[in-house]
Amino acid sequence: MNKNSAAKVSLAERFKEKLPALLVSLVVVGGVLVFIYQSSQQTGSAQVDVKVPALSAIALQGEVAFAENCAKCHGDNAGGGIGGPPLVHKIYNSGHHADGAFWLALQRGVPQHHWRFGNMPPQPQVSEDVAKAIVAYVRELQAANGIAYQPHRMN
Ligand code: HEC
């Protein structure tokens, strides 16, 4: 055995010695991740401090319509309220919830799935034009608060 392969063997042995500790840390990290995931599903941590930027003309119309139709659940400036989640939240970036998802939500309502607020009832009083203005408003708020398009992954 030359010097090199002896070094390799002892490395492998050292790895074997460390294996149990490595497995334990993996389990701990996994547990922490599950905990973080579960807390993100709870209502308590849902409210967000939203910075409101200078809005475009269409987003200003959306702001008014949002305050009338959505804020009672989704909170002022879509920052989250007692009846619904913040829409200024990374899960509602346009990669995961495209503009069409907003229109579907308004037409069909939303069964509870991301949060624990219960179902969102349909909002048939909101026309397609008004919905577009609301989406423009929410996207401008998202952009001003660091939420950008992210490709959708299954999580
Ligand atoms: C009565 C309360 C309520 C009202 C009013 C309401 N929402 Fe919601 N909305 C919810 C709840 C609760 C959820 C979250 C459901 C879940 O994922 O668990 C939700 C989810 C959403 C979603 C995500 C849809 C998806 O595919 O996951 C969008 C978009 C949305 N709401 C937009 C709006 C807009 C725009 C308005 C106003 C026109 C509005 N909501 C009014 C309660 C409400």
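For this structure, a couple of remarks:
- Close contacts from segment 125-139, counting a first residue that is without any contact (Cβ under 8 Å) to a residue 40 or more places away in the chain and a second that is within 11 Å of the ligand (Cβ to nearest atom) and part of a helix (DSSP H, G or I), with Cβ to Cβ under 8 Å and a gap of 6+ residues or different chains, come to E128/W103; A131/F102; A131/W103; A131/L106.
- Segment 92-104 - residue that is in contact (Cβ under 8 Å) with a residue 12 or more places away in the chain and buried (at least 16 other Cβ atoms within 10 Å of the Cβ) and, of those, nearest to A144 (Cα to Cα): N93
- Unmet requirement for V88, which otherwise passes all of (1) more than 6 Å from the ligand (Cβ to nearest atom); (2) assigned to a helix (DSSP H, G or I); (3) touching a residue at least 40 places away in the same chain (Cβ under 8 Å); (4) surrounded by 18 or more Cβ atoms within 10 Å (Cβ to Cβ): (2)
- Test: residue in segment 74-83 that is near the ligand (Cβ under 7 Å from one of its atoms), out of contact with any Lys or Arg (no Cβ under 7 Å at 6 or more places or on another chain) and farther than 16 Å from K51 by Cα: no
- Segments classed as helices (runs of 4 or more DSSP H), wholly inside segment 1-74, with at least 1 members that are under 22 Å from Q142 (Cβ atoms) and at pLDDT below 80: 3-40
- Those residues of segment 125-149 which are assigned to a loop (DSSP other than H, G, I, E, B) and of a type in the set (F, W, Y), in sequence order: Y149
- Inside segment 97-124, residues that are farther than 20 Å from I82 by Cβ, in a loop (DSSP other than H, G, I, E, B), near the ligand (Cβ under 8 Å from one of its atoms) and over 17 Å from the mean Cα position of the chain (by Cα) make up a count of 0.
The values are calculated or read from the model by the stated rules, or taken from the named source; none is laboratory data. Model, not experiment: these values are computed from the prediction. All Cβ positions, glycine included, derive from the backbone under ideal geometry; neighbour counts span all protein chains shown.
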